[in-house]
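The structure appears below as C-alpha cells.
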Amino acid sequence: MQSAVYSQSAASLSGIVRDSDTREPMIGAYLKLAGTSLGAVSDREGRFRISGIASGSYTLKVSYLGYTTYEKEITVAAGDHTKMEILLKAGSIELSGSEVYGMREGQAKALNLQKNADNQQVVTSSEIIKLFPDPNISEALQRMPGVAVLRDQGEGRYVFLRGLEPKYSSVKINGQPVPSPEGDIRQVSLDVISSSMVSRIEVSKTLTPDMDADAVAGAINLVTKNALDFDQQMWQVSAGTGRNMLEGKPLANFDITYGNRFGEEKRLGVFVNAMGYYTHRNSDDMERVWGERAFNGKNHYFMNEFELRDYNAIRKRLSFNAATDYRFSETSDIHFGAVHNYFRDDEIRRRLRIKLSEGSAAVRARRFKFVSDSSVTMDSAVVERETKDWALTRSLTSFQMSGHAQWADMDWTYSAALSRATEAIPDRFDFTTRQTDVNLKYDMTNRQFPKFAFLSGDPYDPALFKLKNFEVQEYDITEWDRIAELNIRKSLRILSNGDYVQSGAKVRSKAKERNDEHNRATIANPNAPPFMNFFAESDEDINFLYSRYRFGTSADPSLIRRWADTVNLQNSAAYSADNNFITNYKAAEKIVAVYGLSKIYSGSWEFLAGVRMEKTYIDYDGIKVVQNGNRIRSTQQGYPDTLHPAGYPIDTISLNGKHEYYQLFPSVNIKYSMSDRFVMRGAISRAIFRADYFDLIPYEVFDYQNLTIARGNTYLRPTTSWNFDLSADYYFQNAGIIAGGVYYKYIDDFIYQRQYIDSTNIQDGVPWIVNQKQNGKAAKLFGAEFNWQQTFTFLPPNFDGLGIYLNYAYTHSQAYYPQRPGNKNTLPGQPNHVGNFALTYEKKGFAARVAWNYSGPYVLTVSDSVDTDFDTYVDRHLQLDISASQKLTKHIRIYLELNNLTNEPYREYVGSRKRLRQQEYYSWWGKLGAEYTF
C-alpha cells in the first residue's frame, strides 16, 4: 500500500539530451539527481525519463565523456511531470579548434554506453569501425579486446571470444539471436554481414538474467543503423575501388544511406541503407599430411602427402537494411526493421597432389627409403591433379518488431522476430586425374618449403594423366528462427527510490533442414584414355608461392563442364557411382525461458541479480549407416544401398531422436562507481552451449579423397560453465579509457573435435581417420585483459591529434581429455595471447590508423594420441593494416585502405612448427574511395 501511494504522488523528469553545436541527440548520457540514487541513461534518440522523484529541490547532473558536465537546480512538486531539453557543450574532446569527427562522434558515444551499462561490456561505434579497413563484421570485431578471428581466404569469418571457440559465443542483431546459414554448426559466419550495416557493436562479457544463456564466451550484439541515429534528413553515398595484389585483380564497394524524421514533433522515422562489396580473393596454398617411420633406430616424421593448391575466387557481398519507428508519446513507441545480407563465393580450386602412402604397409616399406633424416626417395608414387568449380551462396534475413509502453505503473517492452538463414551450392563439379609409377626424391632440409626431384614420370605432362573420378554435388540448407519476448519492469523501493524488479518470458523456435545430393563416379577401367590431354588449360601460374614451385597446367573447368554435358558418365559401364545423402537431416528446437531479476542501488553501489530458467526441446530426423558383417540385407524408407569404402555394401535407415531438458542460470552483477570516471565491476553467472544438431545424429560420411570419416555422436551432452569476472575501468574526460580485468571459467562437458584411427576401415593398406565431436571431462579457463584508448590532447599543437589504441588479452586453460588421463591440455581454439596496437592521428579533418593485429597459436583438432604430437594447431598471426581519410569539405571525405601489408599467411602445423600442415599466402590488397554526406 505504501508503494502504491508513493507511486501516485511521485514526480517525474523527462526530456532530451543534445549536442549544443550540432543539435544531434546524444545516446548514453548519464543523468543523476545529486544526493539520490535516481538517474537515467539517454537512449538512441537522446531521450531520458527519471521517475519516482519525491517533491523537493535537487541538483541535476548530466555527464558525458568529452563534454562539459551539465548542472542545473530543479524543484519538483508531488505529481509533477517536468520536461526539459539539455544542451551539452563539447569540452576537452576538441583539439585546438579542429573538427575531430571520428573521436567525437564515435569513441565518446561508445565509451559512454560502456561506462553506464549494467554488465561488463565493450562497445565500438560505426564512426570508429569505418576508420579501420574492415569490410565485414568479423574483421571489425578483431579490433576489440579479447577477440581473435579465424580467416578464410585472408578475410575474417568466425570470431574467438575470450579464448574460446566461435561456437561458444552468441550472435544477435538488435538483441535477438540470428540463425546460422551453415549446415552442421550453430556459429554464425560473420563474413556474410557488412560492417557498414551497424551503428555499434556491443560485446557482453558477463550475463544478466534477461539475456539468453547460450553465451559461454560472451554475447555479440550488432545494433543496426536506423532513423533513431539522426534528428534530421541525412543522405550518405560512398564508393571505392582497389586491387588484390596476388593476382592484380580488382575490388570495389558502394554504400548508400538515407534517414529522416517526419512531422512537427518528428515522431516518425524512416531509414534505408544498401551496400555492395566485390572482390577477387586469390591464394597460393601448400598442404601436407604427416606420418612416422623409424630410421637409424629413431622415429622420424615424414610426409605421407604433399599438395599445392591454387585458389581463385570472386566474392560478392550485398546488404540491405530498412527500419521505421513511431513515437506515440514519451513513454510509448514501436519499431519495425528488416535486414538482408547476401554472400556469394564463386571459386575455382586447382590442386596438385603427390601421394606417398598408397598401398599396403609392406608395399610402402619397399617403396619408401630414407637417404638421411631429412631426405627420402619414393618409388611408384601417385600424382593427382584436381579441379573443383563451385559457387557458394549464404544469406541471412531478419524481420523484427519491438516496442515500449508504460501501463499500470509498469514499463512493458515487447519484441518479435522472424529470421531465415540459407546456404546453398547449386552446382559443384570436381574432376580428378592421376598419374602412377612416379619415382621421386624429396628433401626436407628447408622444412617450410621442401624440394622435390622427379626421377621418372612427369607431373607437368597432361598426356600422362588419366581420369580417376568426378563428383557432382548440390545442396541447400535452411534455418528458420521465430522469437517472441515480453519484459515487465516495476519501480519498487527496496533500499532507495531507483530500485526496480523485472521479469520476462521468451519463446524461441528453430527449424533447420539440409538436403544434399552428392554423386561420385569412379573409373573402373584402367585403360581409359588420358583425359587431361584434352582438357588442360592453355597456361599456368608461373609465380606460384613466389616462384618456389612449378604448379603446371590443370584441367580447364569450362571445358570439363561442356564435356560432362555431352557424356552421361553415371550410366556408363566403365564407372560405378554412389549417392551420398547421409548429411541430410531435419531438426527442430524450442527454447522456453522465464526469468526474474532485481536491481538495487546503495550509494555508489549497484546490484543486479536474478535467475533464468530455460527448457529445451529438440526433435531431429536423420540417416544412420548400419552394418552387419559384410552385408546389409534390408533398405528402409526407400534409400538405396551405398558402396562402403572397404568394398561391401552398407544400408541406411531413417531415424528420429528427441531430447528434453531444463537448466537454471543464476547471475549477479555488481558495479561500484568510485567517481564519475572510475568504475569497478564483479560478476558471477552460469551459461550453456547446446550441441549442434548434426553432431547428435549418428551419421557417417566417407571422404574418399582424404580417407577420412566424419561421424555423429548421439551421446553428446550440452556444455555448461560457471563464469567469474572482475574489472576496473578508468575513463578519460577526452573520451579515452584505460581498463583491466580478470576472469575465470569452469567448463563442464566441453565439446571438442576428436581425431582417431579406425582400424576396421582400411583403404589400400591405409587406415581411415575418423573426425567426431566428443565431450571432454572438464576444463578451466583463466584470462586477463587490458585496454588503453587515448588521444594525447596534452601534447603541443600539431601533435595533440596523436593517440593510441592498445588492447591485450592473455588466456590459459586446462582441459582433460578421456584419451589422455592425468594430462592437462589446452582447450581447442584458445590462443594464449591476443592483441591490437594502433597509432592514430586525427587533426583538421585528417584521420589515420597504423594498426597491428596479433593472435597466438591455438589447438584446432585433438588427436587420439596420448600426447600432443599429432594435434593440429593454427599458427600465430601478425597483420599490419593502414587506413587514412581526409575531409575535403563539410560533405566530402576521401579514404585509403591497405590490408595485410606484412603478407601474413595462414599456417597450420602438426605437433610442432617443424611439421607444417598448411601454409597459405594472400599478398596484400588496397582500396581508394570517396564518401559524400548531405
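The values are calculated or read from the model by the stated rules, or taken from the named source; none is laboratory data. This one's a predicted model, so the numbers in the text were calculated from it and none came from an experiment. Here the Cβ positions follow ideal geometry from the backbone for every residue, glycine too, while neighbour counts run over all protein chains shown. Remember, those area values only see protein heavy atoms, side chains included, never the ligands or the DNA or RNA. Shrake-Rupley method; radii C 1.70, N 1.55, O 1.52, S 1.80 Å.
Data table
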item	result
Considering residues of segment 531-559 that are over 30 Å from V701 (Cα atoms) and modelled with pLDDT under 75 only, the residue most open to solvent (accessible area, probe 1.4 Å)	F534
Residue in segment 899-909 that is assigned by the TED database to the domain that holds N543, assigned to a loop (DSSP other than H, G, I, E, B), surrounded by 16 or more Cβ atoms within 10 Å (Cβ to Cβ) and among the acidic types (D, E) present	yes
Selected residue [among the basic types (K, R), farther than 26 Å from V171 by Cα and in contact with a Lys or Arg (Cβ under 6 Å, 6 or more places away or on another chain)] from R261, R293, R315, R309	R309
Residue check for Y756: within 23 Å of P857 (Cβ to Cβ), in contact (Cβ under 8 Å) with a residue 24 or more places away in the chain and over 25 Å from the mean Cα position of the chain (by Cα)	yes
Count of segment 913-934 residues which are part of a loop (DSSP other than H, G, I, E, B) and open to solvent by 40 Å² or more (accessible area, probe 1.4 Å)	4
Single unsatisfied condition, F452 versus (1) open to solvent by less than 20 Å² (accessible area, probe 1.4 Å); (2) of a type in the set (A, V, I, L, M, F, W, C); (3) farther than 24 Å from S538 by Cα; (4) modelled with pLDDT of 85 or more	(1)
Test: residue in segment 834-849 that is more than 25 Å from Q236 (Cα to Cα) and surrounded by fewer than 17 Cβ atoms within 10 Å (Cβ to Cβ)	yes
Unique match (being in a loop (DSSP other than H, G, I, E, B), polar (S, T, N, Q) and more than 20 Å from R915 (Cβ to Cβ)) among Q879, Q886, Q830	Q830
For A884: the one exception among (1) without any contact (Cβ under 8 Å) to a residue 40 or more places away in the chain; (2) touching a helix residue (DSSP H, G or I) at 6+ places or on another chain (Cβ under 8 Å)	(2)
Unmet requirement for Q919, which otherwise passes all of (1) out of contact with any helix residue (DSSP H, G or I) (no Cβ under 9 Å at 6 or more places or on another chain); (2) of a type in the set (S, T, N, Q); (3) over 17 Å from R281 (Cα atoms)	(3)
Checking Q753 against (1) open to solvent by 20 Å² or more (accessible area, probe 1.4 Å); (2) more than 30 Å from N112 (Cβ to Cβ); (3) assigned to a loop (DSSP other than H, G, I, E, B), the condition it does not meet	(3)
Wholly within segment 125-231, strands (runs of 3 or more DSSP E) carrying at least 3 residues that are in contact (Cβ under 8 Å) with a residue 60 or more places away in the chain	147-152, 155-161, 198-204, 218-224
Residues within segment 327-351 that are buried (at least 21 other Cβ atoms within 10 Å of the Cβ) and among the basic types (K, R), tallied	3
Residues located in segment 782-822, provided they are within 30 Å of P857 (Cβ to Cβ) and part of a loop (DSSP other than H, G, I, E, B)	Y816, Y817, P818, Q819, R820, P821, G822
Test for T872: is it among the hydroxyl-bearing types (S, T, Y) and open to solvent by 60 Å² or more (accessible area, probe 1.4 Å)	no
G638 being modelled with pLDDT under 90, open to solvent by 40 Å² or more (accessible area, probe 1.4 Å) and not assigned by the TED database to the domain that holds L827	yes
Output for segment 767-783, where each listed residue is open to solvent by 30 Å² or more (accessible area, probe 1.4 Å) and at pLDDT 90 or above	K780, F782
Failed item in (1) of a type in the set (S, T, N, Q); (2) open to solvent by 60 Å² or more (accessible area, probe 1.4 Å); (3) within 35 Å of the chain's Cα centre (by Cα), with T445 passing the rest	(3)
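One line per residue, one yes/no per condition, for (1) under 26 Å from E292 (Cα atoms); (2) part of a strand (DSSP E or B); (3) modelled with pLDDT of 90 or more:
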| position | (1), (2), (3) |
| --- | --- |
| A381 | yes, yes, no |
| F399 | no, yes, yes |
| Q406 | no, yes, no |
| T413 | no, yes, yes |
| L418 | no, yes, yes |
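To keep it simple, each residue is scored yes or no on (1) outside any strand (DSSP E or B); (2) at pLDDT 85 or above; (3) over 17 Å from T82 (Cβ atoms); (4) of a type in the set (K, R).
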| position | (1), (2), (3), (4) |
| --- | --- |
| V5 | yes, no, yes, no |
| S14 | no, yes, no, no |
| D21 | yes, no, yes, no |
| G28 | yes, yes, yes, no |
| L31 | no, yes, no, no |
| G35 | yes, no, yes, no |
| A40 | no, yes, no, no |
| R44 | yes, no, yes, yes |
| I50 | no, yes, no, no |
